[in-house]
Amino acid sequence: MNYISMLADANAAQGASGLLSIGILVVMLVVMYFIMIRPQKKKDREDAAMRNNLMVGDEITTIGGIIGRVVSIKDETCVIETSKAGTKIRILKTAIRSVDVPVSATKGYVAPVASAEEQPAEEETPAIEEKTEKKAKKK
């Protein structure tokens, strides 16, 4: 009988350690959820909200580092203008990393983009002459 009681005690100890192992595993999964999964889901929701609230005139930065102003928006794509010369690129909304200057920050005012032909070359000349004069004075 002594042998049988020892086996019963060993089985009870094994069952308790098995429950303890399962409990530790569950606790680890809960901790991983709060440390890794939940913050990522929150960030994904914020990014989706930013892309859904995108407006024409917002200045954005893409994942590839292209900076531009939103010209038009469709379901999954938008067109951005990347330079004063009017270069336009069609991108996916999911490629937008951030909105740098929202239209609401400029109170709805979007500055007109002048083309290269409209910009007078004389404005650049005085700045260049001032720089060369300063360099000449330093020498």
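The values are calculated or read from the model by the stated rules, or taken from the named source; none is laboratory data. Remember, it's a predicted structure, so these values are computed and weren't measured experimentally. Don't worry about glycine lacking a Cβ; one is built from the backbone with ideal geometry, like all the others, and counts go over all protein chains shown.
So the values come out like this:
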quantity: Single residue of segment 83-106 satisfying the filter (among the polar types (S, T, N, Q) and either over 11 Å from the mean Cα position of the chain (by Cα) or outside the structural domain of Ile66 (by TED's automatic domain parsing) (or both)) that is modelled with the highest pLDDT; calculated: Thr87
quantity: Condition broken by Arg51, with the remaining ones in (1) outside any loop (DSSP other than H, G, I, E, B); (2) exposed (fewer than 13 other Cβ atoms within 10 Å of the Cβ); (3) among the basic types (Lys, Arg) satisfied; calculated: (2)
